[in-house]
1. Scan (1) surrounded by 18 or more Cβ atoms within 10 Å (Cβ to Cβ); (2) free of Cβ contacts under 8 Å to residues at least 60 places away in the same chain; (3) more than 20 Å from the chain's Cα centre (by Cα) for the single condition Tyr538 breaks and write down its number.
2. Could you tell me which numbered condition Gly496 fails, if it satisfies all but one of (1) in a loop (DSSP other than H, G, I, E, B); (2) over 22 Å from Ala147 (Cα atoms); (3) in contact (Cβ under 8 Å) with a residue 40 or more places away in the chain?
3. Determine which member of the set Ala386, Ala414, Ala369, Ala382 is at pLDDT 85 or above, in contact with a Ser or Thr (Cβ under 9 Å, 6 or more places away or on another chain) and either surrounded by fewer than 17 Cβ atoms within 10 Å (Cβ to Cβ) or under 17 Å from Gly348 (Cα atoms) (or both).
4. Can Ile470 be described as out of contact with any Cys (no Cβ under 6 Å at 6 or more places or on another chain), β-branched (Val, Ile, Thr) and within 22 Å of Gln146 (Cα to Cα)?
5. Let me spell it out: the conditions are (1) farther than 30 Å from Thr118 by Cβ; (2) part of a helix (DSSP H, G or I); (3) without any contact (Cβ under 8 Å) to a residue 24 or more places away in the chain, and His510 meets all of them except one. Which number is the exception?
6. Filter the stretch 184-211 down to residues that are part of a loop (DSSP other than H, G, I, E, B), of a type in the set (Gly, Ala, Ser) and in contact with a strand residue (DSSP E or B) (Cβ under 7 Å, 6 or more places away or on another chain), then give me how many there are.
7. Go through the stretch 42-57 and give me each residue that's modelled with pLDDT of 80 or more and in contact with a His (Cβ under 9 Å, 6 or more places away or on another chain).
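The values are calculated or read from the model by the stated rules, or taken from the named source; none is laboratory data. These numbers come from a predicted model, not from an experiment. Note: ideal-geometry Cβ built from the backbone for every residue, glycine included; neighbour counts use all protein chains shown.
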Amino acid sequence: MPELEDGIVDTAASTLNSKESDILRNWDPTELVNTLYSVDYAPRIEQKRSKFRNMEGHLEIPNDEITVPEVDPEWKKVYFRTKDSRLQWFATKYADEHPIGDILLSDADIIPNREDFTITVIPKKEVVVPKIVVKVPSNLFEKWRQAFLSHRESTFLDSYVQPILPTIPHLSENVIIIELGSSSIRAGILTHRPSLPQSFFPAFGCVTDSGEVYVGNDALKPEIRHNGTLQQPIDSVDLSVERYQLNKPVLNACLKKIITDLEIQPSKFTVLLSISQNIPSLFISELLKILLHENNFKAATIARQPSLILYSYDVTTGIVVDIGERLNIVPVIDEYIVENAIVSLPFGARQIRESLRENLKQRNNGLYAYQSPIEHILLRYAVEQACYVSPDFDEEDSKHEGNKEVDMSGFKLAPNMESKFMVDQSRFHAPEGLFKPKKWNLEVKGLHQLIHNAIQLSPIDSRRTLYRNIYLCGGTSLLHGMAERIENELSKLVPGNIHVHVHMSPWRYHAAYLGAQVIASGKLFNKCCATKENLTEYLKQLESSAYSNGN
């Protein structure tokens, strides 16, 4: 059971208040922070959607003249290729000719059989050919299977909740959404159609020696941060155990900033507060009291993020893989969380930055140690600009040639700060620990194994569904190649007739926030909220309430 402590976060000083380089001491990182916390409505261009795995070559198909099902079919060679979500076949090997037939792979059922090296394709759209069975050379079976799957998954954008401009407040409900994350806070007024956060800032504040609390960009200004300590609203006392502290002064300062940014009167608004899966239930009553009594909101309720994330994908069953500062893997079946299958581990973005830090520290001639909060902002920018997940680590390591230049010149740097630096093969070495944690000196299973185990702990009749409904979210999930690598690694752990599909909404960075808007727009939402008058009774019923599980 996670432990609860209430008070000022002292242990945060070990990570949030490390000594920074003298070169950075007078630097104001406002421009860089604004870039990292900007909100963009344009759909993210995804590597997975645009990177088809094209194959072409001779495959075998059953001879049309053989019609007796009891007899093993005779096979004949035909030249095939995959292109633009289609499987095409030709009279000869010259692919420039017009195909004599084709079949749409998008959203089709792909059924591989490793025993006889056949792949069956059953289309769901443009059903001109009801199905096709091809026999693949054994040494190319996996490559053809991956090619088919890459084209199958080419069009899923329309199924995701999409934010829309301009933002128009909801016509009948005064609701604000607040998401309390491990590294970021998001907030906004409920709008008529889904929208992105209107307030988005780092999840920490600076408590000065005189007791004042500054949050957002102000907390990182040199004249502020050097006269206080950086602290988080909710922090882990020890990263190795599930033990947390609630920092009321910083949390209240964050809420005050939200109220100011949104220009609202709290007494006229209901709050939906979104918290991560690992935050103890013991906090819920205290958080509700802070919202209702200390900040005077009209009503409030709290939801956990996994179910909200699924709502952003417009589904109610799937396995949420939330990769941010920490890793949360949560199976959800018909809106109910499979409690015994939850995985929550304190690793992710922090370890990627630490791995990259060692490399950059050696290359910058000792200018930075990359340990202070300001230096970690530089590291985060470097990760976002340069890092990616390799499809095959050993192959990538053997052929890697190009380095990536990270340009910092647009952020009003202090004198002697490096405006540009190079990132070498650590671009893909740093994130590799997600799949091979021993590279981070962690004795835990890899990301793909943890997902596999969580599914295996779920009800047996739901496992096949969960394998093809894996939903990514969190900042670290934005690394290029993440979805492909998870699919590739998971496919090695399951039988060939199990289809693994990782979904990645272009707006998954804000997935829980978008899902919260779906919940808050529901007709029954207000009945799930606490007020000052009914708070005591509400808390008594909380454990049996569906909302206590995030639904």
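1. Result: Tyr538 passes all but (2).
2. So the condition that Gly496 fails would be (2).
3. Ala386
4. Considered against the rule, which asks whether it is out of contact with any Cys (no Cβ under 6 Å at 6 or more places or on another chain), β-branched (Val, Ile, Thr) and within 22 Å of Gln146 (Cα to Cα), Ile470 comes out as yes.
5. With respect to (1) farther than 30 Å from Thr118 by Cβ; (2) part of a helix (DSSP H, G or I); (3) without any contact (Cβ under 8 Å) to a residue 24 or more places away in the chain, His510 is out only on (3).
6. Residues flagged as part of a loop (DSSP other than H, G, I, E, B), of a type in the set (Gly, Ala, Ser) and in contact with a strand residue (DSSP E or B) (Cβ under 7 Å, 6 or more places away or on another chain) within the stretch 184-211 amount to 2.
7. Selection gives Asn54 alone.
Here's the yes/no breakdown for (1) of a type outside the set (D, E, K, R); (2) on the phi < 0 side of the Ramachandran plot; (3) crowded, with 17+ Cβ neighbours inside 10 Å:
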| position | (1), (2), (3) |
| --- | --- |
| Lys256 | no, yes, no |
| Ile259 | yes, yes, yes |
| Gln277 | yes, yes, yes |
| Pro280 | yes, yes, no |
| Glu286 | no, yes, no |
| Leu292 | yes, yes, yes |
| Asn296 | yes, no, no |
